[in-house]
Amino acid sequence: MIIDCHGHYTTAPKALQAYRDAQIAALKDPAQPPYDGKIDISDDQIRESLEGAQLKLQRERGTDVTIFSPRASAMAHHIGDVRTSLNWSRRCNDLIHRVCTLYPSNFVGVCQLPQSPGVPPSNSIEELERCVNELGFIGCNLNPDPSGGHWTAPPLIDKYWYPIYEKMVELDVPAMVHVSSSCNPVFHATGAHYINADTTAFMQFIQGDLFKDFPTLRFIIPHGGGAVPFHWGRYRGLAQDMKRPVLEEHLLKNVFFDTCVYHLPGIELLLKVIPVDNILFGSEMVGAVRGIDPRTGQYYDDTKKYVDTLPLSEGDRYKLFEGNARRVYPRIAKRLSK
Ligand SMILES: [Zn+2]
């Protein structure tokens with residue numbers, strides 16, 4: 001079985017965006033209560049939105065199941081206030097639940113959290129619990145920067161975040177560290193803000209002792225871990241200078257990377273530097289980069305093609321495509337057996 005740990009519902013029916021547009025329009029008049037209108041989407045519309053996209057690509061590329069979450073760039077936690085974020089997150093998560101119910105062997109849900117700048121992460125606990133306990137989700141996307149590119153929240157090792165970590169540990173669900181759109185024109189969303197955030201999260205983890213406090217807490221740093229694998233020597237050296245434990249001991253029982261690196265040399269480097277036990281197959285399809293590489297004739301985000309090129313042992317191949325995802329997202333076992 002091939003589990004793709006990183007997929008977003010980027011092709012949701014238009015009614016979802018219409019809801020969001022109405023929600024944002026209503027913010028212009030603060031006297032109005034927060035907008036929370038109905039979203040009218042039929043099962044057929046959901047099927048249609050997936051059959052020509054994610055499902056088609058699963059079939060063509062030979063993957064089996066995608067760990068699926070709402071469109072990350074649309075989380076936009078910086079818009080409106082905490083009520084805006086809660087209504088929007090619930091709508092997006094409910095739609096993911098419908099996808100997973102219609103296609104239980106193709107998609108397993110991961111939730112968006114109703115974060116908001118300046119609002120403690122403990123505020124997201126209720127929605128996390130609802131998604132895991134009631135909707136059968138197996139993880140969450142945690143935004144380290146709800147401000148959308150201004151980095152106003154404390155680092156992920158700060159006790160500020162501990163209440164949501166306590167709940168993640170209790171529910172035995174990991175978080176993918178995933179920022180959303182950038183409202184700072186300095187940072188292109190998927191080209192700079194995402195990769196910055198991946199790199200930033202890893203450095204924050206080096207600086208703290210988070211995993212002493214939470215030995216079973218697990219994070220996936222997407223997009224191949226940002227700059228981390230390429231600069232592994234820098235991070236090892238910094239850890240040494242800062243009298244931190246060696247990275248394998250300090251972080252690699254808790255921090256994992258995906259394979260959303262869109263060229264073969266990048267995947268080769270990832271596998272050479274990071275232990276295979278810490279790498280989960282992911283493609284982020286249909287997502288950040290949608291085109292075909294004219295040099296290979298393949299989709300940039302068909303990451304399975306790169307992995308298939310590597311001379312992996314059967315055991316390592318199993319870990320990367322399936323075993324590690326089962327270990328990091330233990331709740332997936334129950335979903336897949338249904
Ligand atoms: Zn993503």
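No value in this document is a laboratory result; all are computed from the given coordinates. The shown structure was predicted, so the numbers you read here are calculated from the model rather than taken from an experiment. With ideal geometry, Cβ positions are generated from the backbone for all residues, glycine too; neighbour counts draw on all protein chains shown.
Computed quantities for the displayed model
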| item | result |
| --- | --- |
| Yes/no for SER85 being within 16 Å of the ligand (Cβ to nearest atom), assigned to a helix (DSSP H, G or I) and either more than 30 Å from TYR306 (Cβ to Cβ) or in contact (Cβ under 8 Å) with a residue 60 or more places away in the chain (or both) | no |
| Restricting the stretch 100-137 to residues that are β-branched (Val, Ile, Thr) and more than 16 Å from the ligand (Cβ to nearest atom), the residue that is surrounded by the fewest Cβ atoms within 10 Å (Cβ to Cβ) | THR101 |
| VAL173 buried (at least 22 other Cβ atoms within 10 Å of the Cβ), within 16 Å of the ligand (Cβ to nearest atom) and in a loop (DSSP other than H, G, I, E, B) | no |
| Some residue of the stretch 194-205 being surrounded by 24 or more Cβ atoms within 10 Å (Cβ to Cβ), farther than 19 Å from PHE257 by Cβ, within 14 Å of the ligand (Cβ to nearest atom) and among the hydroxyl-bearing types (Ser, Thr, Tyr) | no |
| Output for the stretch 251-270, where each listed residue is closer than 20 Å to MET176 by Cβ and either polar (S, T, N, Q) or away from the ligand (no atom under 16 Å from the Cβ) (or both) | LEU251, LEU252, LYS253, ASN254, VAL255, THR259, GLY266, ILE267, LEU270 |
| Subset of the stretch 311-338 [in contact with a helix residue (DSSP H, G or I) (Cβ under 8 Å, 6 or more places away or on another chain) and exposed (fewer than 15 other Cβ atoms within 10 Å of the Cβ)] | ALA333 |
| Residue match in the stretch 232-248 (condition: without any contact (Cβ under 8 Å) to a residue 24 or more places away in the chain, among the polar types (S, T, N, Q) and either over 23 Å from LEU312 (Cβ atoms) or touching a strand residue (DSSP E or B) at 6+ places or on another chain (Cβ under 6 Å) (or both)) | yes |
| Exclusive hit being more than 13 Å from ALA12 (Cβ to Cβ) and among the basic types (Lys, Arg), set ARG98, ARG71, ARG83, ARG91 | ARG83 |
| Residues of the stretch 113-163 that turn out to be aliphatic (A, V, I, L, M) and within 16 Å of SER69 (Cβ to Cβ), as a count | 6 |
| Within the stretch 210-225, tally of residues that are in a helix (DSSP H, G or I) and in contact with a Ser or Thr (Cβ under 9 Å, 6 or more places away or on another chain) | 3 |
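Yes or no, residue by residue, for (1) in contact with a helix residue (DSSP H, G or I) (Cβ under 9 Å, 6 or more places away or on another chain); (2) more than 16 Å from the ligand (Cβ to nearest atom):
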residue: ALA227; (1), (2): yes, yes
residue: ARG234; (1), (2): no, yes
residue: LEU247; (1), (2): yes, yes
residue: ILE274; (1), (2): yes, yes
residue: ASN278; (1), (2): yes, yes
residue: VAL289; (1), (2): yes, no
residue: ARG295; (1), (2): no, yes
residue: TYR300; (1), (2): no, no
residue: LYS304; (1), (2): yes, yes
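Yes/no per residue for (1) more than 23 Å from MET176 (Cβ to Cβ); (2) out of contact with any strand residue (DSSP E or B) (no Cβ under 8 Å at 6 or more places or on another chain); (3) in contact (Cβ under 8 Å) with a residue 24 or more places away in the chain:
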residue: ALA26; (1), (2), (3): yes, yes, no
residue: TYR35; (1), (2), (3): yes, yes, yes
residue: GLU60; (1), (2), (3): yes, yes, no
residue: ASN93; (1), (2), (3): no, no, yes
residue: GLY109; (1), (2), (3): no, no, yes
residue: LEU113; (1), (2), (3): no, no, yes
residue: ILE125; (1), (2), (3): no, yes, yes
residue: CYS131; (1), (2), (3): no, no, yes
